[in-house]
Amino acid sequence: MHLFSAMFLLVMLAAMPCEALYPSPEEGWQIYSSAQDADGKCICTVVAPAQNMCNRDPRSRQLRQLMEKVQNITQSMELLDLRTNRDLQYVRNTESLMKAVDVKLKTASDNPRSLNPRSLQELKDKVTQLLPLLPVLEQYKTDARQISRVREEVRNLSLVLMAIQEEMGAYDYEELRHRVLLLETRLHSCMQKLGCGKLTGVSNPITIRASGSRFGSWMTDTIIPSSDNRVWSMDGYFKGRRVLEYRTLNDFMKGQNFVQHLLPHPWAGTGHVVYNGSLYYNKYQSNIIIKYHFRSRSVLVQRSLSGAGYNNTFPYSWGGSSDIDLMADENGLWAVYTTIPNAGNIVISRLEPQSLEVLQTWDTGFPKRSAGESFMICSTLYVTNSHLAGAKIYFAYYTNSSSYEYTDIPFHNQYSHISMMDYNPRERVLYTWNNGHQVLYNVTLFQVVKTAGD
């Protein structure tokens, strides 16, 4: 297959950089594959592995546990060495005293009559001075038992290491891990350069957690560096003010290590988005959009979305005050809503993130009450035809060409009631809140990539 042909087709199963790809437990390592079509064009399918996947490998966990054991053994040996040196010095200091006692005892044994009361008292005094040696000897016994345990631990470690070495062959594990991380970095860098594509498929659902009520939203920041792994959760769809911020996805899964933000104004719906360190949400019983900055815990700006319906005037099919849906993709911040002049059809507006000013607006012609949910990928709005079981992605509106088409992209609505569905361009995954379950979907994007010679 000639990889430098004038044009090739790339089917990219979009994955998530750093710790952000969430394979199911059965999937394990992901697969890279390629094939050639009838015209000789190269078709590549890429399922990118997660960063730190090596850390989830059972052998990696074994090695980390072994390293911890080695560290514990090292500390025990250092402690034993310290005590031995200290006690040895004490024995050396009492050596002359022991020799003197030995001489006295021999004299008394050879000539009992020489043992007068004064000599007997002197011998007792010297023996008394030797009494501190008893705990030293007891410590030697304890240390001897400790050394026996350490010897057994070392023997077990040797057996486990030999087993891992046989399993892994002649390759050094750390070297392999370093090479995998290097390849992951190169792959994700390449994927980011590839940029946008057309949605052609959605993976099976990956359930991250079951928490909260039937309705809600959860998300990570859509544009910040991948080193920031915070997760935010907002339970409920109206009058809520409490936002939970978790340090990592793992903390979110366990429900630990979180801080609480109490918003100054309650929210409506579930169409919130975190964009560049700020939460954008619809203020309860209004068409006002609020930008709340997490670090300063303050509202930076709020602006009315002119003419937008609110308070269940034009919600999605499931209701829930979902009139205004805020979202982000590779090209910026968006608002999806409708107005009375638009006769209840979905309107898309691109927003300026700092001022919340509307930059451009499109009328899709698709009735919002017939939509289950919607999300933006690469300036294209994708709309589902239901929030219930059997839903599929039914409609796509392309803002770049102001055109639309009906689609037929199925996905498994595992828990039968989706109340939030948003795309994260940084991680290239769909976040959903499904009947009290927080679920992810990987997406397949299709694009034609031309070489510089075209």
Practice prompt. Of the numbered conditions (1) in a helix (DSSP H, G or I); (2) at pLDDT below 70; (3) surrounded by 10 or more Cβ atoms within 10 Å (Cβ to Cβ), Y171 fails exactly one; give the number of that condition.
Written response: (1)
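For every residue, the table says whether it meets (1) surrounded by fewer than 17 Cβ atoms within 10 Å (Cβ to Cβ); (2) over 15 Å from Y431 (Cβ atoms); (3) touching a helix residue (DSSP H, G or I) at 6+ places or on another chain (Cβ under 6 Å); (4) touching a residue at least 12 places away in the same chain (Cβ under 8 Å).
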residue: M219; (1), (2), (3), (4): no, no, no, yes
residue: T222; (1), (2), (3), (4): no, no, no, yes
residue: P225; (1), (2), (3), (4): yes, yes, no, no
residue: W232; (1), (2), (3), (4): no, no, no, yes
residue: Y237; (1), (2), (3), (4): no, yes, no, yes
residue: R247; (1), (2), (3), (4): yes, yes, no, yes
Worksheet item: For residues in region 266-282 being free of Cβ contacts under 8 Å to residues at least 60 places away in the same chain, over 14 Å from T220 (Cα atoms) and of a type outside the set (G, A, S), which is most open to solvent (accessible area, probe 1.4 Å)?
Response: P266
Worksheet item: Considering region 197-211 alone, what residues qualify as being over 13 Å from V439 (Cα atoms) and in a loop (DSSP other than H, G, I, E, B)?
Response: G197
Practice prompt. Confirm whether I289 is part of a strand (DSSP E or B) and closer than 18 Å to P264 by Cβ.
Written response: yes
Fill in: Unique match (being of a type in the set (A, V, I, L, M, F, W, C) and in a loop (DSSP other than H, G, I, E, B)) among L356, L381
L356
Worksheet item: How many of the residues making up region 251-265 are open to solvent by 80 Å² or more (accessible area, probe 1.4 Å) and in a helix (DSSP H, G or I)?
Response: 2
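The values are calculated or read from the model by the stated rules, or taken from the named source; none is laboratory data. Remember, it's a predicted structure, so these values are computed and weren't measured experimentally. So basically every Cβ, Gly included, is an ideal-geometry build from the backbone, and we count neighbours across all protein chains shown. The accessibility values were calculated without ligands, DNA or RNA, using every heavy atom of the protein model including side chains. Shrake-Rupley method; radii C 1.70, N 1.55, O 1.52, S 1.80 Å.
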